[in-house]
Amino acid sequence: LSRLRALMGDGYPLTLVCALNLSLDLRAEGATEDADRLAAETLDRYTAKVGRDHPDVKAVTEGRRLNSDFDPAPI
């Protein structure tokens, strides 16, 4: 997540998906407060980008992991 934030920025969709998935990992590890904080701040930004009715927003609120394809540019 820190590398995506540094390279792509906080508001980039892949960064937001990574943060939302990380919040699920944190919750599974018992870091509930960190998970809640990260999920809340990230879900607000993600919802602002894709809209409240987007299927990904529903998936996240149901505790499901998001899948994001990433095709890096050729070097």
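The values are calculated or read from the model by the stated rules, or taken from the named source; none is laboratory data. As the structure is a prediction and not an experimental result, all values here were calculated from the model. Please note: Cβ atoms are built from the backbone with ideal geometry, for glycine as well, and neighbour counts cover all protein chains shown. The protein model used for the area step is the full one, side chains on, heavy atoms only, and it has no ligands, DNA or RNA in it. Shrake-Rupley method; radii C 1.70, N 1.55, O 1.52, S 1.80 Å.
Side notes on the structure shown:
- The label-point distance for ASN67 and LEU14, in a model that sets each label 7 Å from Cα toward Cβ, rounds to 1.8 nm.
- In terms of accessible area, using a 1.4 Å probe and ignoring ligands and nucleic acids, SER68, SER2, SER23 rank largest first as SER2, SER68, SER23.
- FRET E, pair ARG3, ALA48, Förster distance 22 Å, beta-carbon r, rounded to 0.05: 0.45
- Computed over neighbours whose Cβ is under 14 Å from that of LYS49, the net charge equals -3, Lys and Arg +1, Asp and Glu -1.
- Portion, in percent, of the accessible area of the chain that falls on carbon or sulfur, probe 1.4 Å: 51 percent
- Over the chain, equivalent-ellipsoid semi-axes from the Cα gyration tensor in Å: 20, 15, 11
- DSSP-assigned coil residues among GluC sites (Glu not before Pro) in the chain, each with at most 12 further Cβ atoms within 10 Å: GLU29, GLU62
- Probing with 1.4 Å while keeping every protein chain in the model, the per residue accessible area of the chain equals 71 Å².
- To the nearest ten degrees, helix 32-50 and the longest principal axis of the Cα atoms of the chain are 50 degrees apart.
- Around the Cα centre of the chain, unit charges on the Cβ atoms of Lys, Arg, Asp and Glu (plus for the first two, minus for the last two) sum to a dipole of about 120 debye.
- Sum of -39500 (n - 2.57) over DSSP H runs of 4+, divided by residues of the chain (222 nm, nearest 500): -20500 deg cm²/dmol
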